[in-house]
Structure formats: C-alpha cells, structure tokens
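Take a look at the structure below.
Here, each number is a calculation from the coordinates, and none is a lab measurement. Note that the structure is predicted; figures quoted are calculated from it, not measured. Neighbour counts run over all protein chains shown; Cβ positions are idealised from the backbone, glycine included.
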Amino acid sequence: MTILLFSASVFLISCFTGVFGVLTGLGGGMLLIPILTLMGVDLYHAMGASLISIITTSMSAASTPSGRCFTNFNMGIFLETGAVLGAFVGAFLLVYLPIYIIAITFSVVLLLSAYSTVTRSPLGEDLIAVHTNFQHRELTSYRKTELFQGWFFMIIGGVLSSILGVGSGAVKVLAMDQILKLPYKVSTATSNFMMGITALTSIGVYFANHYIDPYLVSPVVIGIFIGALIGSKVLQFAKSHLLRIIFSIFAVILAFEMLFIGIKNIS
C-alpha cells in the first residue's frame, strides 16, 4: 500500500469514527485502534493517534452550536474529577487485583447496562434535550444521593480505564443516562467533552515516548475533525432511541472484548 493510499484510507476511517464518537459518546478509539492495528500500525502509535482523535472529537463537537447546546459543562467538569481520581486508584490497584476478575465483572455490567439502555423509554426525551433549563440544571438542583452515585460511578470508570486500558466513555454515558437521568443526547455530548479532558492528561506520556507519529496523526486529525462536525449536525436530528440502540450494540461488543481479556488472563 502506497503512502497516499494509506493516508486516504486513514482519513476516511477517521471521518467515520468522528461521526461515531459524537453520536455515541464513546470516543473514536474503540474503533480506530483495532482498525489501525489491522492496517499494520504499531499498537502504541495507534493508541497515540486514538488519544489525538478523542481530543479532536471533543474540541470539534464542543465548538459547534449543537455541541454547546447539548453539553452540560458544569456536570462534566464535576464528574470528571471522579474519573481522574479513579484513574489514580486504578494505577495503584493494578498491582494487587487480578485483571480477570475486573474484566469479567465489567463485561457483565456492560451487558446489563446495554439491555437497560435500549429498553429505557425515550418518550419526550428529544424535546427535553433542547430545553435549556433542564439541560443545564445547576448541580444544586440534583439530590446529593444522585450526585454521589454519579460521581462514584465515574471513579469506577476511571479505575477500569486505568487497569484495562479501555476508554471509560461507556461508563460515563451510563452514569449520566441511568443515574442522573440526563437526556441521552446530553449524556453523549457531555461524555465527549469529558473524554477530551481525560485524553489531555495522558497525551504528554505519548509525546515523551515518541508514540505520536505526525504522518499518521495528520490524516486522523483532519478526518476526525470533519467527522465530528458531521456528527454534531446529525445529533440535532437523530432519534434518541436509535442512538441508544447503536450505543447498546457497541457496549455488547466491548463486553465480549472484556470477557475475552478476562478469560485470557485467568491463570
């Protein structure tokens, strides 16, 4: 494969993952990393490109009118403190906890969550999502138990992300959707915003170890940027129930991936 053909292929793939990341709140890494590795890219360079893609998706989506409309910035910043704390806890627990227990437990939680996500009634949710007074509710308007549960769920997501090396977008979307009862579009948009912050905290390590390849990152950034803009436009008109189905499908895929990791690490 020539460099030109390779760059064009990466660009098109990145466009698709940009759209996917915005609509689901999972980030593009879930698709981008395995595809790039199948194309012969080193895993660490693929992970570095994935982090750049997440940052690009986050910035692109948040800069659009629909991104600013659907993203609950106050909630995102508050919950992200739990995710960062969880990442530190996960780094500590990595030495002591068997990975297979965590991975298998995570896969079961994802399967149950996928079922509850797709079966939750979206009645009136699209209308509520554009209601500013609901969407940007102050943190004080939530009961303390709701905020604590959501924040604690973010800690779990940070722990899983650190130990298993997976993005915690699925956990973030589930916490906002199932616990805090935010409209689904608000949950996915806020998840993208939060994942950008998480990726920024990790990108320095990849730069220091020369895992950011400019020849690979360039088509990724351009493709992700265009895809995120398209995804932000589609998000305005997409039905929440359809987004829930898409999310649930990929949650099931991730669940089986975690189950495979867990079984592989049983000794």
Check your understanding: Sorted by average packing, counted as other Cβ atoms within 10 angstrom per residue and highest first, what order do 42-49, 191-198 take?
Key -> 191-198, 42-49
Review point. For Leu38 and Leu85, FRET efficiency with R0 = 41 Å and r from the beta-carbon atoms, rounded to 0.05?
Key: 0.75
Check your understanding: Reachable lysines from Lys264, Cα under 30 Å, same-chain residues fewer than 8 places away excluded?
Key -> Lys172
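Starting from the Cα gyration tensor of region 169-230, take the square roots of the eigenvalues, sort them a ≥ b ≥ c, and report rounded, prolate or oblate (rounded when a/c is under 1.5, otherwise prolate if a/b is larger than b/c, else oblate). Show your work: numbers first, answer last.
Details: a/c = 4.31, a/b = 1.78, b/c = 2.42.
Here region 169-230 falls in the oblate category.
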**Study point:** Distance in nm between pseudo-label sites at Ile203 and Ile253 (7 Å out along the Cβ direction from Cα)
**Key:** 2.5
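If you average 1/r over all unlike Cα pairs in region 209-267 and invert the result, what Kirkwood radius do you get in angstrom? Provide the component values of the computation, followed by the final result.
Values: mean 1/r = 0.0674 Å⁻¹.
Evaluated on region 209-267, it is 14.8 Å.
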